[in-house]
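Engineer: Input: one structure, supplied below.
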Amino acid sequence: ELVAFDSYGEITIGKKGVEGGGKHLKPREVNELVEKYGDDVVFFDGRNRYEAAVGRFKNAVVPDTRTSRDFIPELESGKYDNLKNKKVVTYCTGGVRCELLSAMMKQRGFKDVYQIDGGIVKYGEAYGDDGLWEGNLYVFDGRMGMNFSDHAKTIGQCTHCGSPTSNYENCANPACNDLVLICANCLKDPAKRFHTATCAKEHAK
């Protein structure tokens, strides 16, 4: 992850892991922080934008990131300077990426930074879909996603028709192979199994 974030030049690793990161909060403490401080608490997504498209914490800030390397220019862009005096809770799937992200944020002037101990997974195990989390959790295996309960909210939207969906498929153009968020109905149309119209044209050559 140090390499993935391109942050190996600024992160210090000690005997207990990353030094200078955000304070760890248990799921219960996350809810307590929000209950106490309300709008002064901001959730900051530490994942890629395609992960956030299907599931995220309520009212979370979702940076424009395709890969982890995009976080440094995003944080230094000035887009999030208004958050530097708020209580920022970083989150990611299992918590690993937030060890680095929270430290990177603190080094760039974010004063009160937290991270969820165990990430979204532990929060979901504790509260399911009855807490502050909404939607599907993108996972890096054959499932591509998982819900914490049978009443999970569907917040993702089909790339083609805008219908609610959490279903990701790989672009049918092997040269692209990017993820396409597509509903079951559009998936029936072979012409829609492409990330973009350009992908479809290139594949047809």
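Engineer: Residues that are among the aromatic types (Phe, Trp, Tyr), under 24 Å from PHE140 (Cβ atoms) and over 10 Å from the mean Cα position of the chain (by Cα): does region 74-96 have at least one?
Structural biologist: no
Engineer: Are there any pairs with C-beta distances below 6 angstrom linking a residue in region 154-171 that is under 17 Å from ASP129 (Cα atoms) to a residue that is among the aliphatic types (A, V, I, L, M) and crowded, with 19+ Cβ neighbours inside 10 Å, with the two at least 6 apart or on different chains, and if so which?
Structural biologist: Sorted first by the residue in region 154-171, then by its partner, the pairs are GLY156/ALA53; GLY156/VAL54; GLY156/LEU181; SER166/VAL54.
Engineer: Does LYS192 qualify as being more than 25 Å from GLY135 (Cα to Cα) and of a type in the set (Lys, Arg)?
Structural biologist: Judged against the criteria, LYS192 is not a match.
Engineer: Going by what's in this entry, would VAL121 be described as under 17 Å from PHE43 (Cα atoms) and under 13 Å from the mean Cα position of the chain (by Cα)?
Structural biologist: Taking the combined requirement at face value, the residue satisfies it.
A quick yes/no check of all residues on (1) of a type in the set (A, V, I, L, M); (2) open to solvent by less than 50 Å² (accessible area, probe 1.4 Å); (3) under 22 Å from MET146 (Cβ atoms); (4) in a strand (DSSP E or B):
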{"site": "ASN59", "(1), (2), (3), (4)": "no, no, no, no"}
{"site": "ASP64", "(1), (2), (3), (4)": "no, no, no, no"}
{"site": "PRO73", "(1), (2), (3), (4)": "no, no, no, no"}
{"site": "LYS79", "(1), (2), (3), (4)": "no, no, no, no"}
{"site": "ASN85", "(1), (2), (3), (4)": "no, no, no, no"}
{"site": "VAL88", "(1), (2), (3), (4)": "yes, yes, no, yes"}
{"site": "THR93", "(1), (2), (3), (4)": "no, yes, yes, no"}
{"site": "SER102", "(1), (2), (3), (4)": "no, yes, no, no"}
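Engineer: With the requirement that a residue be exposed (fewer than 15 other Cβ atoms within 10 Å of the Cβ) and either touching a helix residue (DSSP H, G or I) at 6+ places or on another chain (Cβ under 8 Å) or among the hydrophobic types (A, V, I, L, M, F, W, C) (or both), what does region 27-53 give you?
Structural biologist: ARG28
Engineer: Across region 142-196, what is the number of residues that are surrounded by fewer than 11 Cβ atoms within 10 Å (Cβ to Cβ) and of a type in the set (A, V, I, L, M, F, W, C)?
Structural biologist: Final tally of qualifying residues: 2.
The values are calculated or read from the model by the stated rules, or taken from the named source; none is laboratory data. Keep in mind that this is a model prediction, so the values were computed, not measured. No Cβ is skipped: glycine too gets one built from the backbone with ideal geometry, and neighbour counts run over all protein chains shown. Note: areas computed on protein heavy atoms with side chains; ligands, DNA, RNA excluded. Shrake-Rupley method; radii C 1.70, N 1.55, O 1.52, S 1.80 Å.
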